[in-house]
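Report on the following structure.
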Amino acid sequence: MIQAFGLTSNPRKGLPLALDDVSFEARAGQVTVLLGAAGAGKTTALRLMLELQQGRGLTYFRGRPLHRIAHPSREVGVLLGDVPGHPARTVRGHLRMLCAAAGVPGRRADEVLEAVGLVSLRDERLGTLSRGMDRRLGLACALLADPHTLVLDHPADGLSERESRWLHGLLRAHAAQGGTVLSTTSDPKEAARTADRVVTLDQGRLAADQEVAHFARTRLRPRVAVRSPHAVRLAALLTKEARTARRSVEVVQEDGNRLFVYGSSCADIGEAAFRHRILVHQLADEVGDMGPGADGRPAELTSAGQETGGSGDAPNRADARDARDPRDARDPRGGRDCHDADPRGARDSQASDGVPRADTSAAAADGAPPDDPNAASTPTGTRPPSPPAAPDPPAVPDPTAGAVAPVGEPTGPGAVGTGPTAAGTPEPVGQQTPPGVTESVGQQTDDSTVGTAQPTRTPTKGPSRALEGALPALPPPIAVRSAPSPLRPLRYELRRACGVSTGFVTGAVVLIVSALTTLVLARIGHTSQARLLAAWPVQLPLPPAALGAGLLGALSFGDEFRHPALAADRGGVPRRLGLLTAKLLVSALTALSLAFLTAGCNAEVLYLFYGPELARVPADWLHLSASWLALTFGCACAGVLAAGVFRSTTAGLAAVVAVPVAVVPLVQKAVESASVRAAAGVSVRLREVLLSQWPFGGDRYVAAALRVLTQPVGGALALSLSGLLCAYLLTTLRSRVR
């Protein structure tokens with residue numbers, strides 16, 4: 001079960017809040033849909049719930065906030081937008097990599113592929129998938145760890161009708177097994193077909209929280225779809241006949257020759273078209289939303305209740321007002337009418353002479369109770385400090401008496417608001433609003449709506465400070481937290497590195513460039529044997545093998561930010577020591593293998609073209625080999641650390657190149673300074689300090705390591721790696737403190 005309390009986005013300069021104090025509940029075993037037009041705040045609500053965006057509020061997933069769950073991917077499956085992944089990775093390889101991140105067996109990838117119908121496409125690349133297949137893969141990623149809760153943002157967006165039915169059937173099956181499903185949509189008819197409960201958002205505020213039966217009865221209205229080449233003439237004719245018969249008929253004309261008629265029937269429209277010899281191509285009953293403007297597009301409105309002047313047209317004006325979008329309905333005093341409990345806007349109309357008249361609109365014909373314009377909704381908007389112990393409707397504490405009462409029931413003494421009496425006059429419940437204070441209460445919802453908008457008080461004249469103490473406190477802030485570290489980081493990193501061909505292509509390019517460079521240097525001459533085997537001209541700061549190792553190291557973190565497989569549902573790429581160790585280990589092994597292969601291939605090329613004279617092994621091969629392996633190892637580690645700190649592959653490679661260009665001259669100048677003492681006999685004194693015997697030949701290896709470190713390049717690499725490691729640890733600690 002999901003319980004969201006007081007979700008509020010951060011203020012935007014010059015713009016209203018994207019989400020303002022929204023509270024609702026998604027129960028286990030049900031499919032809950034967040035409904036709203038574009039810009040209503042649906043995606044913002046999901047991002048606040050998942051702690052992907054800063055704001056205020058509190059969200060509980062089965063009684064725990066997300067940052068208190070040890071393994072969020074096993075509790076919540078998320079699909080936001082397209083599937084983030086390297087376009088060259090295969091479908092099965094991507095899922096197996098996520099299996100290692102979630103700590104589930106690799107065979108789970110094949111199981112979810114079969115569940116979503118992608119077995120035949122398991123070897124396809126992510127970049128070649130169609131929109132429908134991408135949505136299926138996103139659902140497979142959400143189901144990978146078998147979570148209890150699914151949070152999906154527009155899961156059926158861009159799918160065909162057949163694929164949408166399959167998707168909704170799969171979500172229904174997950175809910176039938178006891179899971180919780182929360183999705184978003186902008187289509188009211190889709191929400192009515194697929195949901196058990198519909199939470200409607202309007203301009204960042206909660207408009208309604210309804211069971212699907214009540215939602216379909218109040219939000220959706222029967223209509224007649226008409227297609228005719230004379231649509232304009234037919235619309236005018238239907239409007240004129242409805243005005244003459246004093247019936248509430250609403251005609252909405254779309255682009256082209258299509259009409260939607262509310263409040264009439266196929267028989268009446270067909271007879272009218274036949275009498276006036278108007279050709280009709282289509283005439284069918286449909287179920288539409290609440291009318292023009294509901295889908296966010298401006299529509300041309302022709303209503304039978306148009307204002308023509310005179311008091312005799314007052315009932316028609318009231319009917320036309322009730323037939324429109326209830327969000328645009330106004331009360332007789334010119335203010336917004338709080339009647340969102342019945343989105344059809346069925347209420348008593350009032351003529352200009354002040355006499356109440358019965359509502360004769362077609363929207364009120366289904367028997368919904370009229371909404372009293374004097375009735376005020378129950379104040380909500382407060383958040384409890386701790387999750388409810390049982391899956392009951394969330395409790396709202398009374399801001400004055402301190403008592404806790406379920407939402408939708410009277411909160412006892414001290415509640416703000418009024419209740420209608422039998423005579424129709426407002427009767428104060430508890431403490432009345434003092435004179436001089438205008439109070440606008442948030443929209444009312446039905447069926448014990450959870451968390452409507454908090455009361456907004458506009459002081460005019462008189463004492464208003466008495467109500468300031470009754471206002472609820474701000475909800476707790478929401479901090480953006482990084483993604484969890486993979487449960488199996490080494491397996492994850494191996495599958496990530498081997499899942500794409502970038503590493504193999506880079507290695508092949510390095511070997512080819514090194515071989516060509518070696519041949520050119522041997523042809524020119526005047527190059528030492530060590531530089532020939534390493535393919536390292538004096539004019540270049542680094543050999544091709546070292547640059548390739550640094551590039552592969554930078555890609556290990558750079559790809560995480562470009563194609564964030566780990567950050568798909570939890571924010572930034574994690575800075576964890578386990579993931580860093582795995583990346584350093586894999587990059588080091590790759591760099592050492594590349595260094596060994598480069599030296600061997602260069603020696604083989606020299607032997608083939610110039611004979612054994614240039615391919616011989618140098619006399620001090622141990623020291624040279626240690627220096628060569630240390631160089632490639634240090635470049636790879638520098639690329640990993642720099643890309644992890646600066647969040648960019650380019651920055652990681654730039655840090656590798658900066659070592660010989662900027663750091664080596666500084667180290668060389670410090671070493672050549674006359675004030676520096678010589679460190680002779682370090683291995684002997686180190687053995688005396690440790691009070692232990694070296695293994696056979698230990699002094700030799702220690703001396704070789706010290707010779708590598710005392711070289712300018714070795715010292716510069718050691719200094720750079722120390723600085724990058726400290727920066728990485730500092731950013732890790734800072735992210736944990738936040």
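The values are calculated or read from the model by the stated rules, or taken from the named source; none is laboratory data. Being a predicted model, the structure only gives us computed values, none of them experimental. Heads up, the Cβs are rebuilt from the backbone with ideal geometry, glycines too, and the neighbour counts pull from every protein chain shown.
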Of all residues in segment 6-53, how many are of a type outside the set (S, T, Y), modelled with pLDDT of 90 or more and in a strand (DSSP E or B)? 10
Restricting the first residue to segment 638-651 and requiring it to be modelled with pLDDT of 90 or more, which pairs with a second residue that is part of a helix (DSSP H, G or I) and β-branched (V, I, T) meet a Cβ separation below 6 Å and a spacing of at least six or different chains? A638/V656; G639/V656; A643/T649
Just checking, which of R107, R89 is charged (D, E, K, R), surrounded by fewer than 20 Cβ atoms within 10 Å (Cβ to Cβ) and modelled with pLDDT under 95? R107
Looking only at residues that are among the basic types (K, R) and modelled with pLDDT of 90 or more in segment 174-223, which one is nearest to the chain's Cα centre (by Cα)? R205
Residue in segment 224-235 that is at pLDDT below 90, hydroxyl-bearing (S, T, Y) and outside the structural domain of T43 (by TED's automatic domain parsing) present: no
With segment 157-225 as the region, which helices (runs of 4 or more DSSP H) entirely inside it contain at least 2 residues that are farther than 28 Å from D285 by Cβ and out of contact with any Asp or Glu (no Cβ under 9 Å at 6 or more places or on another chain)? 161-176
What number of residues in segment 701-738 are farther than 25 Å from D620 by Cβ, modelled with pLDDT under 75 and assigned to a helix (DSSP H, G or I)? 5
For segment 483-496, does any single residue satisfy the condition of being surrounded by 13 or more Cβ atoms within 10 Å (Cβ to Cβ), within 28 Å of V656 (Cα to Cα) and free of Cβ contacts under 8 Å to residues at least 24 places away in the same chain? no
What number goes with the only condition from (1) assigned to a helix (DSSP H, G or I); (2) touching a helix residue (DSSP H, G or I) at 6+ places or on another chain (Cβ under 6 Å); (3) not charged (D, E, K, R) that G127 does not pass? (2)
When you look at A192, is it small (G, A, S), on the phi < 0 side of the Ramachandran plot and surrounded by 16 or more Cβ atoms within 10 Å (Cβ to Cβ), yes or no? yes
I need the full set of residues from segment 574-632 which are within 39 Å of the chain's Cα centre (by Cα) and not in a helix (DSSP H, G or I), in order please. P574, R575, R576
